[in-house]
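The values are calculated or read from the model by the stated rules, or taken from the named source; none is laboratory data. Keep in mind it's a predicted model, so treat the numbers as computed, not measured. Note that we place each Cβ from the backbone using ideal geometry, even for glycine, and neighbour counts take in every protein chain shown. The area values use the complete protein model at the heavy-atom level, side chains included, leaving out ligands, DNA and RNA. Shrake-Rupley method; radii C 1.70, N 1.55, O 1.52, S 1.80 Å.
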Amino acid sequence: MTATSSQGKRTRRQPLAWLRGLLSRPLKLERRGVQLHVVLGEARQPPALPTRPGEVLRQGHEALRALLTRHPDARHLLRHLSFFEQALGRHGSRALRSEVPVQVLQRAHEQLEMLLREDTTPELIALAARLERTVKDRRRAEETAAPVGMVQVSEASHSLFDEMERSWTGNIPLGASAAPPERA
């Protein structure tokens, strides 16, 4: 069977689908010489499915890698951005959440913003927006988190220090020997 005969069978079997496809096409006016003709335009593309955040991040990583590859000295000059690109390739979205320190993410965002002045691809713009949002979220989380393992130091009088030292060490009787007790 040839392609035309199989296409003909398909339209004969599904005339409503064919008619729906025909009617969904836009009408256009076309000038042929001095005459105007009404013609069917190209079929409308279905609306693009919303891309998932992981897919947007992957596309942004690919665009960043391509940009840094086009400019070989950029990896050496923009070290934070280069480190972020490598971490993104290695760890994916975990690089944004926990693998890369916030200060490095902040500096990488600043360097990416510099590059966006000349190359404004949608993938890089989306990556810069996500990077900015992540830096703000992580900084906010650090500010609200309670300090863990932090030692607080305050000044005290000498008499208060002596009192606290006696309570920590306890009192050893003066008649006790300094030698450790013998084992039986």
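The residues listed here are ALA141, ALA184; of these, the one that is among the aliphatic types (A, V, I, L, M), at pLDDT below 85 and open to solvent by 50 Å² or more (accessible area, probe 1.4 Å) is ALA184.
A count restricted to segment 119-147 and to residues that are not in a helix (DSSP H, G or I) and not acidic (Asp, Glu) stands at 5. One residue alone among GLY21, GLY41 is open to solvent by less than 50 Å² (accessible area, probe 1.4 Å), touching a strand residue (DSSP E or B) at 6+ places or on another chain (Cβ under 9 Å), farther than 21 Å from ALA129 by Cα and not charged (D, E, K, R), and that residue is GLY41. A count restricted to segment 3-18 and to residues that are modelled with pLDDT of 80 or more and either part of a loop (DSSP other than H, G, I, E, B) or open to solvent by less than 100 Å² (accessible area, probe 1.4 Å) (or both) stands at 3. Within segment 23-35, none of the residues are in contact with a helix residue (DSSP H, G or I) (Cβ under 6 Å, 6 or more places away or on another chain) and among the hydroxyl-bearing types (Ser, Thr, Tyr).
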